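Novice: Take a look at this one; I'll ask things after.
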Amino acid sequence: MDENSLYFFKFYQKISMKMHDKSALELLVRGDFEKDALHSALLFKGREREQLFELARNKRDEYFPSRQVEVRSVIEISNICRSKCNFCNINFYARNRKGYCLTYEEIMGIAKRLYYKNRKVILLQSGENKSQKYIDFVCKCISGIKKKFKDLVIILCLGSLSRLQFRQLRQAGAERYILKFETSNPVLYKNIKPDDSLEERVNGLVALSESGFEVGTGNIIGLPGQTIEDIVNDLFFIRNFKLTMVSSSVFIPGEDSNYRNEPKGGINIILNYIALIRILYPQMLIPSTSSLEKAKKGGQHLGLLAGANTVTIHDGTPAGIKKYFPIYSVKRFTPDEKRIKKVVEKAHLIANVTMPVKNS
């Protein structure tokens, strides 16, 4: 047994003894979200995990009785990024291999193609670029898309920007914004993002809500130096914000990042974490991300079994550009529509590609 496994084994024993005759699952069913119960549930295996997933699915079906999974298309419009995150490849690629930004005409053409494929939710994603010229360009794209396709919901994932820039993007017509908090541990946050701070990220999440966005956030599980306690704290950290979506990604060491020699995160804890998000925050949209599939074959299917109800199709970014947007790996998993529909059907859910999913 390696050092990490021994730590988790001893920790699990300690938590189990402390909880006496009340199991973590019983507490979760009762809505008693004690830290000890969450600690224990994150380490569930076997039958306990199956019961945790079942509880999560029941919660999802209660709040989303249509059993529809929201399907989004992503357009990675630029890889230019100011951030120098230790876990990410993008900045390295933009500086040393190929920095790109799609043109207005290219973005409009892609949006038109996706719309006539009956896609009604698109995600415009890029590296973090605070240049006002760039934000003006994105606003032009948003306005152009909304003018032609009024019922197309636009989600943005552009990183930390100023309060005025968030407001400008909202006024242009974008409805949602994703800004990950990555980790609620400020020291760990500074380690993984040395040119940023958790305080700035928190201010951004507040500013997004005040700007009228529907806001999504989330963490990364498996980061070097991260503890189980950090992950439990992430679950409570979510309560501080007005959110409509919460996600979680597996840490994948980018081949050209400063963390390239670190071990990738395990999928077991993140699946339990997804289930716990659903149980604690049942009204949320929760993605089953492509990083799950990168971490384990069949990972996205398992994410849906754990209570997720959102997936992304990678059919917006031009094929020749995808390799220049290596968020977590130069060998990313980028599922197409056929694969996504198959994964959703396997989970006995309905792939909704024509309209946003709403809870009842």
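Novice: Among 267, 220, 252, 279, which is within 18 Å of residue 32 (Cα to Cα) and among the hydrophobic types (A, V, I, L, M, F, W, C)?
Specialist: Values: 267 fails: within 18 Å of residue 32 (Cα to Cα); 220 fails: within 18 Å of residue 32 (Cα to Cα); 252 fails: within 18 Å of residue 32 (Cα to Cα).
Going through 267, 220, 252, 279 in turn, just one is within 18 Å of residue 32 (Cα to Cα) and among the hydrophobic types (A, V, I, L, M, F, W, C): 279.
Novice: While we're on this one: Would you mind finding the one in 106, 182, 175 that is at pLDDT 95 or above, farther than 30 Å from residue 199 by Cα and not hydroxyl-bearing (Ser, Thr, Tyr)?
Specialist: Of 106, 182, 175, the one residue that is at pLDDT 95 or above, farther than 30 Å from residue 199 by Cα and not hydroxyl-bearing (Ser, Thr, Tyr) is 106.
Novice: Consider only pairs whose beta carbons are under 8 Å apart and that are at least six residues apart or on different chains; among these, list those whose first residue lies in region 239-266 and is closer than 20 Å to residue 310 by Cβ and among the aliphatic types (A, V, I, L, M) and whose second residue is open to solvent by 40 Å² or more (accessible area, probe 1.4 Å) and in a strand (DSSP E or B).
Specialist: Listed pairs, sorted by first residue: 245/214.
Novice: In contact (Cβ under 8 Å) with a residue 60 or more places away in the chain and within 20 Å of residue 181 (Cβ to Cβ): which single residue out of 274, 340 fits that description? Give the derivation first.
Specialist: Details: 340 fails: within 20 Å of residue 181 (Cβ to Cβ).
Just one listed residue meets the conditions, 274.
Novice: Can you find, within region 294-331, the residue that is farthest from residue 279 (Cα to Cα) among those that are open to solvent by 40 Å² or more (accessible area, probe 1.4 Å) and in a loop (DSSP other than H, G, I, E, B)?
Specialist: Taking region 294-331 and keeping what is open to solvent by 40 Å² or more (accessible area, probe 1.4 Å), we get 294, 296-297, 302, 305, 318-320, 322-324, 327, 330-331.
Applying the additional criterion that residues be in a loop (DSSP other than H, G, I, E, B) yields 296-297, 318-320, 327, 330-331.
Values: 296: 23, 297: 25, 318: 37, 319: 38, 320: 40, 327: 29, 330: 34, 331: 33 Å.
Checking each candidate, the answer is 320.
Novice: Only one residue in 85, 101 is in contact with a strand residue (DSSP E or B) (Cβ under 9 Å, 6 or more places away or on another chain) and open to solvent by less than 50 Å² (accessible area, probe 1.4 Å), so which one is that?
Specialist: On the way: 101 fails: open to solvent by less than 50 Å² (accessible area, probe 1.4 Å).
After ruling out the rest, the residue left standing is 85.
Novice: Here's something else I'd like to know. Give the residues of region 199-229 that are of a type in the set (Asp, Glu) and either in contact with a strand residue (DSSP E or B) (Cβ under 9 Å, 6 or more places away or on another chain) or surrounded by 19 or more Cβ atoms within 10 Å (Cβ to Cβ) (or both), sorted by residue number.
Specialist: 214
Novice: Being open to solvent by less than 20 Å² (accessible area, probe 1.4 Å), closer than 20 Å to residue 81 by Cβ and of a type outside the set (Gly, Ala, Ser) is the filter here, so list the residues in region 104-133 that pass it.
Specialist: Within region 104-133, 107, 123, 124, 128 meet the criteria.
Novice: Just to be sure I understand, how many residues within region 260-280 are surrounded by fewer than 19 Cβ atoms within 10 Å (Cβ to Cβ) and assigned to a loop (DSSP other than H, G, I, E, B)?
Specialist: Qualifying residue count, region 260-280: 6.
Novice: Output the number of residues of region 133-170 satisfying the condition of being in a helix (DSSP H, G or I) and either modelled with pLDDT under 95 or among the aliphatic types (A, V, I, L, M) (or both).
Specialist: Initial filter on region 133-170 (in a helix (DSSP H, G or I)): 133-148, 163-170.
Applying the additional criterion that residues be either modelled with pLDDT under 95 or among the aliphatic types (A, V, I, L, M) (or both) yields 135, 138, 142, 145, 164, 169.
Residues meeting the conditions: 6.
Novice: Which of the residues spanning region 88-98 are open to solvent by 60 Å² or more (accessible area, probe 1.4 Å) and part of a loop (DSSP other than H, G, I, E, B)?
Specialist: Listed by number, the residues that qualify are 97, 98.
The values are calculated or read from the model by the stated rules, or taken from the named source; none is laboratory data. This is a predicted model, so every value here is computed, not measured. We place every Cβ from the backbone using ideal geometry, glycine too, and count neighbours over all the protein chains shown. Just the protein is used for accessible areas: all its heavy atoms, side chains included, with ligands, DNA and RNA removed. Shrake-Rupley method; radii C 1.70, N 1.55, O 1.52, S 1.80 Å.
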